[in-house]
Amino acid sequence: MLNTEHRRYTAMSFGDNWFKASDMSEIQRIGFLATGLLCAAVMLGSPQRSQAAEDVAYAPPAAKAKAKSKTKAKTSPKSSAATANDWPQYLGPNRNNISNEKGLLRTWPKTGPKLLKTASGLGAGYSSVSIANGMIYTMGTRGDKQSILAMDLETLDGRWELVNGPSFQEGAGNGPRASPTIDGGQIYALGAHGDLTCADAVTGKRVWEKNILKEFNGNNVTWGVCESVLIDGDKLICTPGGRDGTMVALDKTSGDLIWKCQSPENDQEGYASAIAIDVDGVRQYVQFTNRGTIGVRASDGKFMWRNDSAANGTANCSSPMFFDNMIFSASGYGTGGAMVKLMSSGGETSAEFGYHTKEMKSHHGGFVIVDGYIYGSNEGVFVCMELTTGKVLWQNRNPGKGSLTCVDGMIIARNEGGPVTLIEVNPKAYKELGRFDQPDRSNNAAWSYPVVSHGRLYLRDQDKLMAFEVGKKK
């Protein structure tokens, strides 16, 4: 039984543990416990900050009672409609890892964009952030629990915390992996043990919960459930990979089952997240399982097609991407990627194999498709290739291996060792527009995807969340 206690507070309730930039000399002496990551990156030297940044501690529940008598708590913002600059789910509003943001800095200074604020106390985990309703949402390990965390968009003050399930510990890094999904006034979050929680996005009040592995007779994968659930209309889509459901659609308001799809090969879950696409009028969900890329009809859960060319036998992590009726999937471990062409007739879709390439071995940092060109890490080499043919147009080692996001005609590539590179979206040549080393690096690999929203670049690094100013000043 999950701990259903709901905790709501603000960062001003942190009491004696509250700190600001003036306390930096003391803060820098505080060590953060490494999680024993097998693939830990080499610790990089942190650059000096060119401007003072505010440090905000995520207020723990233990401090709530002590600070209540000293400080009047802030009220939560009212629920508001999503804006064009929100990032309400993993891979953004359209699940293509491309932001709608415009008017950003075209170059960065040598020291990098201005660091505005740092929130700490989020706990261990690789969840990135989702942004909607004037709030920032993520997940982290708090004590012996995995929790959903909500912060104020402007101040990074903690708003509420809701326990999702017991803590997850594994040699490759502890804590939750998935990012929350916000739809209207609700938030949906899936923990590393398969605990799925639906809550009010403004107050954090729990609406419903269930464990998808237990309900659909599935087993957890080696490195924990990583899927960020997909909301499509009234349906919540997730991939238990169980004997009673490879992929399932749940009613987002109640958690009740709408349909379940059992693949012919009884696929288990991989480490990727599903996307929703339309092919000649047939809506479907595409997912990268432990065995391959599959397509499931949205209306009734019918299994329609698959291609296993991009799958490896260890871990398939990067979500498939869709462009012009083509799906591209890719994995690491020496495997590479594959393109398939999709065609629909009579309400069903089939897949025709296009090609396989060894030039896009995407481990877990993902890739983007812009105007028919793929950009991403081929292990330690950043590559641009033509989607229709797989032809490599250019490659460069400077960004290295890592995750990325695309915004305003630029790509922000985050090396798993810490450095962040700004690259022009340009199929003709590699053009670097800026580069900086993330300050205050943890000892863990920087695997959380970068996010750009409302003029800020957000980098989650285990216990910390950093907000950098990348929008042009008006």
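None of the figures in this text is laboratory data; all of them are computed from the coordinates on show. Values in this document were obtained by computation on a predicted structure and should not be read as measured data. Methodologically, a virtual Cβ is constructed for each residue, glycine included, from the backbone with ideal geometry; neighbour enumeration extends over all protein chains shown.
Taking amide H as placed 1.01 Å from N in the peptide plane, G354 has its amide H under 5 Å from the amide H of M339, V340, K341, each at least 5 places away in sequence or on another chain. A straight chain from T83 to K102 at 0.36 nm per residue would run longer than the Cα-Cα distance by 5.5 nm. What residues have an amide H closer than 5 Å to that of R142, excluding those fewer than 5 places away on the same chain, when H is modeled at 1.01 Å from N in the peptide plane? Excluding prolines and chain starts, which carry no amide H, the hits are S147. With a ≥ b ≥ c the root eigenvalues of the C-alpha gyration tensor of the stretch 278-337, is it rounded (a/c under 1.5), prolate (a/b larger than b/c) or oblate? Note, shape of the stretch 278-337 comes out prolate. The simple spin-label model puts a point 7 Å past each Cα toward its Cβ; for D144 and W394 those points are separated by 5.4 nm. Near M135, the amide H atoms lying under 5 Å from its own belong to L153; only residues 5 or more places off or on other chains count, and H is placed 1.01 Å from N. Here the calculated FRET efficiency for S299 and S254, from their Cβ-Cβ distance with R0 = 22 Å, stands at 0.70, rounded to the nearest 0.05. Here the Karplus relation 6.51 cos²θ - 1.76 cosθ + 1.60, evaluated at θ = phi - 60°, turns the backbone of the stretch 346-359 into coupling constants of x, x, 10, 10, 10, 10, 10, 5, x, 6, 10, 10, 8, 8 Hz, with x for every Gly and Pro.
Working from label points 7 Å from Cα in the Cα-to-Cβ sense, the D324 to K214 distance is 4.8 nm. Scalar couplings 3J(HN,Hα) for the stretch 141-152, obtained by applying the Karplus form with A = 6.51, B = -1.76, C = 1.60 to θ = phi - 60°, are 8, 10, x, 9, 10, 8, 10, 8, 10, 10, 10, 5 Hz; x denotes Gly and Pro.
Within 12 Å, Cβ to Cβ, of S128, how many net charges do the neighbouring residues add up to if Lys/Arg are +1 and Asp/Glu are -1?
Values: positive: R177, R414, R460; negative: D461.
The answer is +2.
For the pair T155 and Y355 in one chain, pulling the backbone fully straight at 0.36 nm per residue adds 67.2 nm over the alpha carbon distance.
Using the Karplus relation 6.51 cos²θ - 1.76 cosθ + 1.60 with θ = phi - 60°, the per-residue 3J(HN,Hα) values for the stretch 237-248 come to 10, 8, 10, x, x, x, 6, 10, x, 5, 10, 9 Hz, with x marking Gly and Pro. Just so you know, the Rg over Rh for the stretch 88-235 is 0.99, from Cα atoms, with Rh as the Kirkwood radius.
Would you please calculate the Kirkwood hydrodynamic radius of the stretch 154-278 over all C-alpha pairs and express it in Å, rounded to one decimal? Don't jump to the answer; show the numbers that get you there.
Details: mean 1/r = 0.0670 Å⁻¹.
Over the stretch 154-278, the inverse of the mean reciprocal pair distance is 14.9 Å.
By the count of other C-beta atoms within 10 Å, a proxy for reagent exposure, W160, W87, W305 are ordered fewest to most as W305, W160, W87. The distance linking the stretch 302-351 with the stretch 210-289 is 16 Å (Cα centroid to Cα centroid, whole angstrom). For T239, the shell of other residues with beta-carbons less than 9 Å away shows a net charge of -3, using +1 for Lys and Arg and -1 for Asp and Glu. Cα centroid separation, the stretch 131-197 to the stretch 397-473: 22 Å. Gain on full extension, evaluated as 0.36 nm per residue between E54 and K473 minus their Cα-Cα distance, stands at 149.0 nm.
Tell me the net charge near G224. Cut-off is 13 Å between Cβ atoms, G224 excluded, with +1 for each Lys or Arg and -1 for each Asp or Glu.
Net charge in that neighbourhood comes out at -3.
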